[in-house]
Structure formats: C-alpha cells, structure tokens
Amino acid sequence: MARILAIDYGTKRTGIAVTDELQIIASGLTTVNTRELLPFLEKYFREESVELVLVGEPKQKDGSASQSEVHIQEFLKGFFEKFPSMPVKRVDEAFTSKMAFQTMIDSGLKKKKRRDKALIDEISATIILQSYLYK
C-alpha cells in the first residue's frame, strides 16, 4: 500500500500530514511555505509512495465556499498540471483550526508553543486526514 497525504492549504503556510504505508496512522509531517509547496510535494512523491492526496475544503457556516477556495483552486490547477495522474479528494475542513488549537491545549502545550501557527496548520492537516480515515 501507499501513503495518503493531506493538505491544509493556506495562502502563507500549508500544513501537511501523511499516513503510514498501511494507512492506519495519521501523523503530522510538516508545514511548508505555500510558495514552496509544489517543489516540496515533487520531492516527497519521488521519495515516498503516495496513492491519494486529500485537500481541505473550507466552507462558510451556510455551506458555501469560503474566500480561500479561490486560492485552493489556483493551487489545484498547478497541482494537476504537475501531477496529472495523482488522485485528489476534497475533505471538509470545518473547524479543524479550532480543533487543532484545542488539541494543543489538551496535550499540555505551553501558551508560547500554542501561538505557533505552523504547528496549528500541521495539526489541522492531521485532523483532515483522520476525518477521512476514520469515517
């Protein structure tokens, strides 16, 4: 089996999480500068076997697309040009940032570490991945 990779796309930073090769465990991988996302993925796909990419789908409370969807669509266009055979699924990412912050509190992280937005993005990607795996 190959890994599943999840992306919590942001205009500045993007959180990334992956499964193990058996697709049982979801773990945060890293947070990358969004401008470096495609080169990062290209290198990662060369080194690891990935069979599916999940991309968070942000929505407004009324279910309509959020403002950031425009940026995600631009990213996806570039992604499909670079990786035309890589399957992509969109996953609802409602409240993942809030859940990530609560996870940080629950795990006992100090206030200074909880301000690390990169860590929040990575945990959010992990939550997106978990929601896909465990539904």
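Quick notes on this structure:
- Sparsely packed loop sites in region 1-50 (the trypsin sites (Lys or Arg not before Pro) outside DSSP H, G, I, E and B with at most 16 other Cβ atoms within 10 Å) comprise 12.
- Reciprocal of mean inverse Cα separation for region 1-62 (Kirkwood radius, Å): 12.2
- The residues neighbouring residue 87, those whose beta-carbon lies less than 13 Å from its own, together hold a net charge of +2 under the Lys/Arg +1, Asp/Glu -1 convention.
- Listed pairs 82/135; 61/135; 59/135 exceeding 26 Å between Cα atoms: 82/135
Bear in mind that the values in this text are calculations on the coordinates, not laboratory data. The structure displayed is predicted, hence computed values, not measured ones. Cβ: placed from backbone, ideal geometry, glycine included. Neighbour counts: every protein chain shown.
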